[in-house]
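Scroll down for the structure; my scribbles are underneath it.
The values are calculated or read from the model by the stated rules, or taken from the named source; none is laboratory data. Treat the numbers as computed from the prediction; the structure is a model and nothing was measured. Counting neighbours? That spans all protein chains shown, and the Cβs are built from the backbone with ideal geometry, glycine included.
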């Protein structure tokens, strides 16, 4: 095995202060192959390990899986009193017999609430203001269909009036 070199011989020949300082590398020939540290033939020895550059390990970009249940980000508001439900337990997982803790309204009287919810969202003054806003929104919702019917009736009357007179 005259032409095969091991990594330890490489490093000892390359280091001028080592015991094998007088040895030279053989020229690359037909029986010579170099062993890279990343190849499967590389068997590190204790002397060659100290000379190898240390590469930092790359962190995986994969997301860590957590067994922790995330809290419900969706808040729900009681249509009767303005109470906002934003507890950790999701509203959908509450039993059907859930009632509003303020006014006793059943679960079906709650609806999704989009605006951000502050910590003091269920103070009395804030609930009253939200209740008034809910009443205004619902009254507009009730008046809109009536206004549409009246508008359609007015247009139909105008159509018949213009067709009969001209």
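Observations, loosely collected:
- Counted residues, segment 109-139 - those being surrounded by 10 or more Cβ atoms within 10 Å (Cβ to Cβ) and either under 15 Å from residue 75 (Cα atoms) or touching a strand residue (DSSP E or B) at 6+ places or on another chain (Cβ under 8 Å) (or both): 12
- Single match in 106, 95 (criterion: modelled with pLDDT of 90 or more and in contact with a strand residue (DSSP E or B) (Cβ under 8 Å, 6 or more places away or on another chain)): 106
- Residue pairs whose Cβ atoms lie under 7 Å apart, separated by 6 or more positions or on different chains, with the first residue in segment 131-144 and on the phi < 0 side of the Ramachandran plot and part of a helix (DSSP H, G or I) and the second at pLDDT 75 or above and surrounded by 10 or more Cβ atoms within 10 Å (Cβ to Cβ), are 131/81; 131/82; 134/79; 134/82.
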